[in-house]
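Step one of this worksheet: look at the structure below.
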Amino acid sequence: MEAHETWVYDDSELIQKLVDVVALCPDCHKVKHMGLSIMKGWEDRARKHLARVNGWSLPEALRYEEDCFIEWQRRSLFHWTLDISWLEDNGYHVPKILDRIDWNKFHGSSGSNT
């Protein structure tokens with residue numbers, strides 16, 4: 001199992017908010033981070049897994065993937081405020097230095113990823 005962060009996006013206020021961390025199998029995690037899977041050469045396995053778990057054909061999975069990348073590209077045009085208050089709300093210590101980091105420098109123009 002692998003830990004995966006769950007985010008909610010407020011597209012009008014440009015806030016990316018962490019709302020949960022969930023356990024995923026490694027193949028599901030590869031699907032959630034398809035951009036990384038493509039960079040690592042894992043995309044065929046990830047796409048087949050996406051199709052299998054959703055009962056889709058491979059073309060249906062590819063259409064879904066394309067839609068996700070379109071949304072990621074649209075959101076990447078903006079600078080987002082990163083809200084990670086969920087961590088402290090759930091007992092994790094967040095060093096104050098994280099308040100001063102410009103997360104956009106690490107993720108292009110947004111903190112989102114696909």
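The values are calculated or read from the model by the stated rules, or taken from the named source; none is laboratory data. Source: prediction; values computed, not measured. Glycine gets a Cβ as well: all are built from the backbone with ideal geometry, and neighbour counts include every protein chain shown.
Cβ-Cβ distances below 7 Å connect the following pairs, each with a first residue in the range 30-51 that is among the hydroxyl-bearing types (Ser, Thr, Tyr), a second residue that is buried (at least 17 other Cβ atoms within 10 Å of the Cβ), and a separation of six or more residues or different chains: 37/30; 37/43; 37/46. Screening residue 67 on (1) at pLDDT 95 or above; (2) within 24 Å of residue 8 (Cβ to Cβ); (3) in contact with a helix residue (DSSP H, G or I) (Cβ under 8 Å, 6 or more places away or on another chain) shows it passes everything except condition (3).
The condition of being among the β-branched types (Val, Ile, Thr) and either in a loop (DSSP other than H, G, I, E, B) or touching a strand residue (DSSP E or B) at 6+ places or on another chain (Cβ under 9 Å) (or both) holds for only one of 19, 53, that being 19. Has the range 65-75 got at least one residue that is free of Cβ contacts under 8 Å to residues at least 60 places away in the same chain and in contact with a Lys or Arg (Cβ under 9 Å, 6 or more places away or on another chain)? The answer is yes; a qualifying residue exists.
Taking the range 83-114 as the range and being surrounded by 13 or more Cβ atoms within 10 Å (Cβ to Cβ), modelled with pLDDT of 90 or more and not in a loop (DSSP other than H, G, I, E, B) as the test, the residues that pass are 83, 86, 87.
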